[in-house]
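Visitor: Below you will find the structure I want to go over with you.
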Amino acid sequence: MQKIIGNNLRNLRKLHQMSLEALAQKIAMSPGNLSRIERGEVNVSVGLLEKLSQVLHCEVSDFFNAASSPSQTFIEQFRQSAKYINQFNQKTFVIALSGEVFTEAQFESIAFDINLLRSLNIQIVIVHGIRPQIDGVLQKNHIHSQLVNNVRVTDQVILKHVIDVNGRIRTQIEALLSSSLINSPLFGSDIKISSGNFLTARPLGVLSGIDMQFTGQIRKVDHEAIQNKLNQKEIVLISPLGFSPIGDVFNLSYEQVASQVASAVKALKLIYYVNADGILNLRGELIPELTTEKAENLIGQIEASTKPQNAPFISYSDFNILKSSLQAIQNKVEKIHLINRHKNGSLIEELFTDEGAGTVLTEYPLETIRPAKLRDIKKIFQLIEPLGQDGVLVERAVVQIEKEIDHYFVMEYDLNLIGCVALYEYDGMIEIACFAIDKHYYNQGYGSKLLNYCEKEARRRQVDTAFILTTQSEHWFLEKGFQLTDKEYMPENRKKIYQAERNSKFLSKKI
């Protein structure tokens, strides 16, 4: 998208016979930054595009015109994201960043996205790690550190370096989040960042016969202090250090800190940046959705088949993140998102698109099927209207849907209505009608799930035969076990309202 905007900007500037320097002067920007935008190297805020559109006498949408389908345009994408913007308003997100994010210079783009979330009135808590930085300092100073189950034993000497490293990383985070980048969504605003002693900790104790010394675990999260800072519109920054009532400092696991903080502040989402596109199964395939049951099974399979540090398709650090995510779900965090730290914009793509960009972990499946309610009528009509116009379904008016709403069932995914079906009983047979899935969810198995629900509902009603009338979906239903049947076997009451001009195929299946 940056390339498209840059090319269109350059073309519009040349159309108006305006030099780079002249345009930069009109919008109060350096020619160098404007040149980077035209080359597609940086993101552009909506405010800047509005300013450019005034100078170049065009619409903002003109910057997004491309040879792609309309669904890929900025306007369409922005409209689709509106439901999430409303849903996330004043909700709390905890974002966990591993130390690798800072060693590999990935935080600048992530900081841009975090600022964008804050501009949308989302409350942000950031928890950061420092493990690779500590490794580097200890190696440089020829200090040996012992690991027990991938947890560092922290003695007095190592603790001193942990505190020093933590201070440097915290300062780096605060500086980047506060910088007035020309293309930042909060350019010119006063961003407030708070950090403090929000964590009370105690010693981890002895593991496998080894005293972990100043390696600790959380005893208490001061959620009220954190919430007070969030209410003042501040981003809260939490380091992996805890403090005891007697003044000791403990080195903590940032993964577990993020999990317990998210639980304590009742965060809507806990987001971990991981090394892959999300969590991969044992065949190396992305798992877009994980329930606690599936996550426990995957962890069990990895631990049973190999040592976690040698597991295929998942790094040891991501394996530990998965276990911390499971702990967060068990502590009533609603959703955990695992996204690729190497992919620019993965945070925004995961949160504001239907497809997402990683793995989402929930206690129960995200999709549900339930009887339709009056509030669903408008969305049902929106689903079936295009199919009716194309002749795939019988056209139905809103008033007809409302009249027959007790026959309808809807499928929801993450609280979004994505499918519908209507069931009508006729003399020991049940008709599956008005069967529709949102086009954005095609080829993802939702149609099969909705059909399975219909068959289960038919058995619950003690009906032994289901049938459908279709003009264009014959093969899909044949693949699901339906058979092409003579219309003479259609229930008599259904024959009375059969539209012969549609010449629909009659398919049936024994349940």
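Visitor: Which entries of LYS487/LYS510; LYS378/LYS510; LYS373/LYS456 show an alpha-carbon separation above 26 angstrom in the structure shown? Mind showing how you got there, number by number?
Guide: Numbers: LYS487/LYS510 16 Å; LYS378/LYS510 33 Å; LYS373/LYS456 20 Å.
Check vs 26 Å cut-off fails for LYS378/LYS510.
Visitor: I would also like to ask the following. Each residue of segment 95-107 in order: what ³J(HN,Hα) in whole Hz does its phi give by Karplus 6.51 cos²θ - 1.76 cosθ + 1.60, θ = phi - 60°, with x for Gly and Pro?
Guide: 10, 9, 10, 6, x, 4, 4, 8, 5, 9, 6, 9, 6
Visitor: I need the peptides 108-114, 270-276, 456-462, 360-366 ranked by packing, meaning the mean over residues of other C-beta atoms within 10 angstrom, with the highest value on top.
Guide: Numbers: 108-114: 19.6, 270-276: 24.4, 456-462: 13.3, 360-366: 16.7.
Highest-to-lowest ranking by the protection proxy: 270-276, 108-114, 360-366, 456-462.
Visitor: Once each part is reduced to its C-alpha centroid, what is the distance from segment 198-267 to segment 315-367 in angstrom?
Guide: 21
Visitor: Using the 2.2 N^0.38 Å rule of thumb for compact globular proteins, work out how the chain stacks up: its C-alpha Rg over that value, please. List each step's numbers first, then the result.
Guide: On the way: Rg = 28.0 Å, N = 511, 2.2 N^0.38 = 23.5 Å.
That works out to 1.19 for the chain.
Visitor: Which whole-angstrom value gives the distance between the alpha carbon centres of segment 124-165 and segment 437-451?
Guide: 48
Visitor: Which aspartates and glutamates have a Cα lying under 19 Å from the Cα of LYS83, excluding residues fewer than 8 positions away in the same chain?
Guide: Within reach: ASP113, GLU334, GLU349, GLU350, ASP354, GLU355, GLU367, ASP376, GLU412, ASP414, ASP438.
Visitor: With a sphere of radius 13 Å drawn around the Cβ of LEU252, what net charge do the other residues whose Cβ falls strictly inside it have (Lys, Arg +1; Asp, Glu -1)?
Guide: Working: positive: ARG131, ARG152, ARG202, ARG219, LYS220; negative: ASP248, GLU255.
Net charge in that neighbourhood comes out at +3.
Visitor: For LYS140, give me every one of the lysines with a C-alpha distance below 21 angstrom, ignoring sequence neighbours fewer than eight places off in its own chain.
Guide: Correct list for LYS140: LYS160.
Visitor: In what order, largest first, do HIS407, HIS161 sit by accessible area if the probe radius is 1.4 Å? It would help to have the intermediate numbers written out before the result.
Guide: On the way: HIS407 75, HIS161 35 Å².
Final ranking, largest accessible area leading: HIS407, HIS161.
Visitor: Suppose the chain between SER119 and HIS475 were pulled fully straight at 0.36 nm per residue; how much longer would it get relative to their current alpha carbon spacing?
Guide: Working: separation 356, 0.36 × 356 = 128.16 nm, distance 4.85 nm.
Net length gain for the segment: 123.3 nm.
Visitor: Where a Cα-Cα gap under 17 Å defines reach, which aspartates and glutamates qualify for LYS509, not counting those fewer than 8 residues away within the same chain?
Guide: Filter leaves GLU425, ASP427, GLU431, GLU455, GLU457, ASP464, GLU474, GLU479, ASP486, GLU488.
Visitor: Rounded to the nearest 10 Å², what accessible area does GLU367 show when all protein chains are kept and the probe is 1.4 Å?
Guide: That residue has around 40 Å² of solvent-accessible surface.
Visitor: Let me ask something else. Quick check: net charge around MET212, other residues with Cβ under 10 Å of its Cβ, Lys/Arg +1 and Asp/Glu -1? Numbers along the way, then the final one.
Guide: On the way: positive: ARG152; negative: ASP155, ASP211.
Counting the neighbours of MET212, the net charge comes to -1.
Visitor: With a 1.4 Å probe and all protein chains left in place, how much of the accessible area of the chain comes from carbon and sulfur atoms, in whole percent?
Guide: On the way: 12240 of 25430 Å².
On the chain, the fraction of accessible area on carbon and sulfur atoms equals 48 percent.
Visitor: Then there is this: Going by accessible area, probe 1.4 Å, with all protein chains left in place, what is the ranking of LEU507, LEU268, largest first?
Guide: Listed by decreasing accessible area, they come as LEU268, LEU507.
Visitor: Shifting gears a bit: For segment 414-511, what are Rg and Dmax over the alpha carbons, in angstrom?
Guide: Taking only Cα atoms of segment 414-511, I get Rg and Dmax of 13.5, 42 Å.
Visitor: Please give the calculated 222 nm ellipticity per residue for the chain, where each DSSP H segment of at least 4 residues contributes -39500 (n - 2.57) and the sum is spread over every residue; nearest 500 deg cm²/dmol? Display every interim value, and only then the final one.
Guide: Values: 19 runs with 204 residues, N = 511.
After summing the helix terms and dividing by the residues of the chain, the value is -12000 deg cm²/dmol.
Visitor: Now, a different point. Keeping every protein chain present and rolling a 1.4 Å probe, give me the accessible area per residue for segment 233-362 in Å². Display every interim value, and only then the final one.
Guide: Working: 5080 Å² over 130 residues.
On a per-residue basis, segment 233-362 sits at 39 Å².
Visitor: Run the numbers for THR103 and SER448: contour at 0.36 nm per residue of separation, minus the present Cα-Cα distance, in nm. All intermediate terms of the calculation are to be shown ahead of the outcome.
Guide: On the way: separation 345, 0.36 × 345 = 124.20 nm, distance 4.52 nm.
This chain segment gains 119.7 nm when fully extended.
The values are calculated or read from the model by the stated rules, or taken from the named source; none is laboratory data. Remember, predicted model here, so these are calculated numbers, not experimental data. As a convention, Cβ positions derive from the backbone with ideal geometry for all residues, glycine included, and neighbour counts pool all protein chains shown. To get the accessible areas, we keep the full protein, side chains included, count just its heavy atoms, and leave off ligands, DNA and RNA. Shrake-Rupley method; radii C 1.70, N 1.55, O 1.52, S 1.80 Å.
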